[in-house]
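The values are calculated or read from the model by the stated rules, or taken from the named source; none is laboratory data. In this text the structure is predicted, and so the values were computed from the model without any measurement. Neighbour counts are summed over all protein chains in view; Cβ atoms, including those assigned to glycine, are modelled from backbone coordinates with ideal geometry. Surface accessibility is based on the protein's heavy atoms, side chains included, excluding ligands, DNA and RNA. Shrake-Rupley method; radii C 1.70, N 1.55, O 1.52, S 1.80 Å.
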Amino acid sequence: KGKIRFEQINFGYEPDRQILHNVSFDVPAGKKVAIVGPSGAGKSTVIKLLFRFYEANSGEIYIDGQPISKVNQASLREAIGIVPQDTVLFNDSIFENIRYGKPSASDDEVNDAIRHAHLSLFINSLPKGKDTQVGERGLKLSGGEKQRVAIARTILKGAPILLFDEATSSLDSQSEQAILSAFREIAIGHTSLVIAHRLSTIVDADSIIVLQDGRVVEQGEHHKLLAQK
Ligand code: ADP
Ligand code: ADP
């Protein structure tokens, strides 16, 4: 589940300036596809269209065969889990911060997400176990720890599609590597779309899309693209 298809998408923010030109690509269900390209190429615009923040001028985007023009934004947000770069945790326990991803989740479901995000060891080593408070006067988490809490939240949400936008990253490279390895694990069984700017991020992608000036200039498996160079 979670197959994405962009079909002949044309788009401009302003009528007289086209940004995306006939952009077509597929993200097969369960696969990881990376979009790369220079700054200004249109990568973020692709994401904004996927979330229906803007409508394409022509063409159609499909999720599992359904045109997103017929899907409301709330449903799209449920279908797509964003692996966040900047995490806002509120002043409550780590457990409740994770439950926020799916307020109706049972304790068992939250605990499963904690295990999947490899947070158990970390949480169990804390003085107050799952009730550990973060935020004001409470526990201070490092950037990487906060990311793991956020990843657990995303896992709990259970969305079939995962989106990881590295372009917005403010992390140092060590934290980023930690996130990426966590992301690789949670991405198993999900369809994932990655906006990448580092080679290390795309090595394990099933397919890579190269965007330039709003056009798909190359598309294919990583090793084949490299072999052409
Ligand atoms: P990337 O994510 O690859 O860096 P973007 O999708 O952010 O590229 O931008 C593609 C082009 O669209 C750029 O020329 C940018 O200036 C333009 N653009 C982005 N957002 C807006 C906007 N809200 N209004 C007008 N132009 C925009
Ligand atoms: P680093 O990874 O460099 O330690 P952090 O992202 O952990 O940076 O911290 C950035 C700022 O956020 C710091 O001032 C830190 O004290 C604060 N901070 C860290 N964890 C929390 C939290 N759980 N609640 C509120 N503030 C926090």
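Beta carbons closer than 9 Å, at least 6 apart along the sequence or on distinct chains, pair a first residue in region 36-52 that is under 12 Å from Y13 (Cα atoms) with a second that is near ligand 1 (Cβ under 9 Å from one of its atoms) and open to solvent by 60 Å² or more (accessible area, probe 1.4 Å) for G42/D213; T45/Y13; T45/Y54; K48/Y54. For region 22-55, the tally of residues that are farther than 16 Å from L162 by Cβ and assigned to a loop (DSSP other than H, G, I, E, B) stands at 10. For region 56-95, the set of residues classified as open to solvent by 70 Å² or more (accessible area, probe 1.4 Å) and part of a strand (DSSP E or B) consists of Q66, I82, listed by residue number. Scan region 204-226 for residues that are exposed (fewer than 13 other Cβ atoms within 10 Å of the Cβ) and at pLDDT below 80 and the total you get is 3.
All conditions but one from (1) open to solvent by less than 40 Å² (accessible area, probe 1.4 Å); (2) of a type outside the set (S, T, N, Q); (3) at pLDDT 95 or above apply to Y13; the one that does not is (1).
Count, please, the residues in region 24-44 that happen to be away from ligand 1 (no atom under 16 Å from the Cβ) and not hydrophobic (A, V, I, L, M, F, W, C).
Initial filter on region 24-44 (away from ligand 1 (no atom under 16 Å from the Cβ)): 24, 26-32.
This time we only want the ones that are not hydrophobic (A, V, I, L, M, F, W, C), so: 24, 26, 28, 30-32.
Matching residues across region 24-44 total 6.
Of the residues making up region 22-43, those that are farther than 20 Å from V71 by Cβ, in contact with a strand residue (DSSP E or B) (Cβ under 8 Å, 6 or more places away or on another chain) and surrounded by fewer than 16 Cβ atoms within 10 Å (Cβ to Cβ) are N22, P38. Residues of region 96-125 that are free of Cβ contacts under 8 Å to residues at least 12 places away in the same chain and assigned to a loop (DSSP other than H, G, I, E, B): P103, S104, S106, S125.
Does at least one position in region 164-180 carry a residue that is in contact with a strand residue (DSSP E or B) (Cβ under 6 Å, 6 or more places away or on another chain), of a type outside the set (S, T, N, Q) and at pLDDT 80 or above? Yes.
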